[in-house]
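First comes the structure, then the notes that go with it.
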Amino acid sequence: MKVLSGKARERLLYLISPIALIALWQVLLMLGVGDRRFIPAPSDIAQRFVKLVASGELAWHVGVTLYRVALGYVIGAVPAVAIGLLMAMFKPVRIFFDPLIAALFPIPKIALMPLLLLAFGFGDASKVALVAIAVFFPVIVNTYVGASNIEKIYWDVAKNYGASQMVMFTRVVFFGALPMIFAGLRIALAVSFIVLVASEFVATKSGIGYLIWNSWELLQVDIMFVGIVTIGIIGLITSAVFQEIERRAVPWRTE
Amino acid sequence: MAVERRGAAIDIVGLGKEYVSGQGRVVALDDINLRIAPGEFVCIVGPSGCGKSTLLRILAGLAKETSGTIKVEAPGWAIENAMVFQESGLFPWMSVETNVGFGLMTRGVPAAEMATRVDAALKLVGLTKFRRHYPHQLSGGMRQRSAIARAFVTDPGMLLMDEPLAALDAQNRVILQAELVRIWEQTRKTVIYITHSIEEALLLGDRTVVMTAQPGRIKEIIDVPFPRPRDLITLSASPEFGRLKLAIWQVLEDEVMRARGEEEA
């Protein structure tokens, strides 16, 4: 048998702790430690998971949640990157946005949910808006920090070689800030799921957050766990996809 | 190449630069007068803090003088100047060829023409094979060669070089000095070359300007009489080279000592 490469072996080793935890959980419940009505065993959750997948119910909720996250994410991130770069390039832009960011960033975004329900109603719009707002702040702050930390020599080179403001923006400042922009986008990805699932606890009949909250109210604890596990899986997949995008988009980064 | 077409003429009159720092007013440059002929290679040496980089930055349009004037005559040159920086200043996110073409892209040179000119410039510095590499994949010498190509490709009336070879090891420096002289002898652009090495100034330049520190003034301008084309290795071993080197060092020594004394005081 061919021996596994170092990297593959390392990946397998990463599975030891989660598998051990799940196994321990299963064994303890089978031994009668804990009440299975409140704490379902991994096998119960798996069974329920399969049923929900088969009925298409889970896919529906996942789809709704992903749609809201994706839309809100783009609506929040694109202007955040643009304004963050402009802040580093032009002092008046910086002076205008600095106090706004300082004042609004620390507000827990979920606290805005009632306000957004009032403004956008009970449909998708209020959730999308919440995600967009939550995404906006970490992305703009990271973009600005990244762009203002671009070494002076690159500004000098660009100026000496005749770069217009447009070239500055698209070819120099954007790429110079890109590693930090990705750092902001990564934080924003986690934040967007956090606020969205929380917002889905109320005022909606769809999405993973609704699935979790509704099953809690009906004391269907196994469905609740299916929802939680599903978010974990989505998080894992999106962050892996994200890493791959980042690797391709920032080929100059020395590791 | 059109050797007949000589570079820009530069006339610097009474140039001064002051700025206010934490310690009060600093006179970086004081009454600099220097006339540079078209196609001349002028080297500037001086102790650190003598304002030689400031002078170059003013010529490059990256800083503004506080007094005096600079007149640059570059008839027939689309681009007045291009600077080669000490730490290459290649954009890490662009490949070598994109970096080299940067000054053409910003000026809206058509893609086909740009490709031809970038090809020629890469060939000139021997980096054709590395055109798709990123700067971090290159050695220090290759990075500096790319930066030199980026400046030459824009075909500027004058080249401003701020210790472009200072960060290289001795062997690479010797090789690049020879290459630089070869390229310059083909193109005869006006070059202003900052260095802290007297030897380098004598090997490359037609004249050496010695500057003093705080305030930055021109102390002496020395003609470098060696004929061209120059063979740098043979030249550096000649007795005349040694004599001139000693003469400049004696001019510079007082200044370096004085600057040191002030630092210690």
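The values are calculated or read from the model by the stated rules, or taken from the named source; none is laboratory data. This is a predicted model, so every value here is computed, not measured. Neighbour counts run over all protein chains shown; Cβ positions are idealised from the backbone, glycine included.
Quick notes
- B:Glu253 vs. criteria more than 15 Å from the chain's Cα centre (by Cα) and either surrounded by fewer than 13 Cβ atoms within 10 Å (Cβ to Cβ) or not basic (Lys, Arg) (or both): yes
- With respect to the stated conditions, A:Ile234 fails to be under 29 Å from A:Ala88 (Cα atoms) and either touching a His at 6+ places or on another chain (Cβ under 6 Å) or part of a helix (DSSP H, G or I) (or both).
- Restricting the search to strands (runs of 3 or more DSSP E) fully inside the stretch B:183-261 and requiring at least 1 residues that are closer than 24 Å to B:Phe152 by Cα gives B:190-194, B:207-212.
- Any hit, the stretch A:174-195, residues being hydroxyl-bearing (Ser, Thr, Tyr), touching a residue at least 40 places away in the same chain (Cβ under 8 Å) and farther than 19 Å from A:Arg253 by Cα: yes
- Taken over the stretch B:135-147, the residue count meeting the criterion of being within 13 Å of chain A (Cβ to nearest Cβ), of a type outside the set (S, T, N, Q) and surrounded by 20 or more Cβ atoms within 10 Å (Cβ to Cβ) is 3.
Here's the yes/no breakdown for (1) over 24 Å from B:Pro47 (Cα atoms); (2) not aliphatic (A, V, I, L, M):
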residue	(1), (2)
B:His136	yes, yes
B:Pro156	yes, yes
B:Leu160	no, no
B:Glu199	no, yes
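- Check on A:Ser215, touching a residue at least 40 places away in the same chain (Cβ under 8 Å) and among the polar types (S, T, N, Q): no
- Checked against (1) crowded, with 20+ Cβ neighbours inside 10 Å; (2) within 14 Å of chain A (Cβ to nearest Cβ), B:Gln177 passes all but a single condition, namely (2).
So that you can scan it fast, the table gives a plain yes or no per residue for (1) of a type in the set (A, V, I, L, M); (2) farther than 15 Å from A:Val191 by Cα; (3) not assigned by TED's automatic domain parsing to the domain that holds A:Leu189:
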| site | (1), (2), (3) |
| --- | --- |
| A:Tyr73 | no, no, no |
| A:Ile83 | yes, yes, no |
| A:Pro92 | no, yes, no |
| A:Pro99 | no, yes, no |
| A:Phe105 | no, no, no |
| A:Lys109 | no, no, no |
| A:Leu130 | yes, no, no |
| A:Ile133 | yes, no, no |
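- Residue, farthest from A:Ser192 (Cα to Cα), within the stretch A:156-172, restricted to residues that are at the interface with chain B (Cβ under 9 Å from one of its Cβ atoms) and in a helix (DSSP H, G or I): A:Asn160
- Taking the stretch B:73-83 as the range and being away from chain A (no Cβ under 14 Å) and at negative phi as the test, the residues that pass are B:Glu73, B:Ala74, B:Pro75.
- Checked against the criterion of being hydroxyl-bearing (Ser, Thr, Tyr), outside any helix (DSSP H, G or I), exposed (fewer than 14 other Cβ atoms within 10 Å of the Cβ) and more than 14 Å from every other protein chain (Cβ to nearest Cβ), the candidates B:Thr69, B:Thr116 yield just one match: B:Thr69.
- Qualifying position, being away from chain B (no Cβ under 14 Å) and under 25 Å from the mean Cα position of the chain (by Cα), among A:Gly123, A:Gly176, A:Gly146: A:Gly123
- Single residue of B:Arg132, B:Arg150 found to be within 13 Å of chain A (Cβ to nearest Cβ), assigned to a loop (DSSP other than H, G, I, E, B) and not hydroxyl-bearing (Ser, Thr, Tyr): B:Arg132
- Any hit, the stretch A:200-211, residues being assigned to a helix (DSSP H, G or I) and over 18 Å from A:Tyr73 (Cα atoms): yes
- Just one residue in the set A:Pro106, A:Pro138, A:Pro99, A:Pro92 is away from chain B (no Cβ under 14 Å) and in contact with a Gly (Cβ under 6 Å, 6 or more places away or on another chain); that residue is A:Pro138.
- Taken over the stretch B:96-113, the criterion of being in a loop (DSSP other than H, G, I, E, B) and more than 9 Å from chain A (Cβ to nearest Cβ) is satisfied by B:Gly101, B:Gly108, B:Val109, B:Pro110.
- Among the residues of the stretch B:49-66, the one identified as touching a Leu at 6+ places or on another chain (Cβ under 6 Å), within 13 Å of chain A (Cβ to nearest Cβ) and not in a helix (DSSP H, G or I) is B:Ala60.
- Matching option when the condition is modelled with pLDDT of 95 or more, part of a strand (DSSP E or B) and crowded, with 19+ Cβ neighbours inside 10 Å, among B:Leu122, B:Leu160: B:Leu160
- Test: residue in the stretch B:5-16 that is more than 14 Å from chain A (Cβ to nearest Cβ), within 29 Å of B:Ala167 (Cβ to Cβ) and touching an Asp or Glu at 6+ places or on another chain (Cβ under 7 Å): yes
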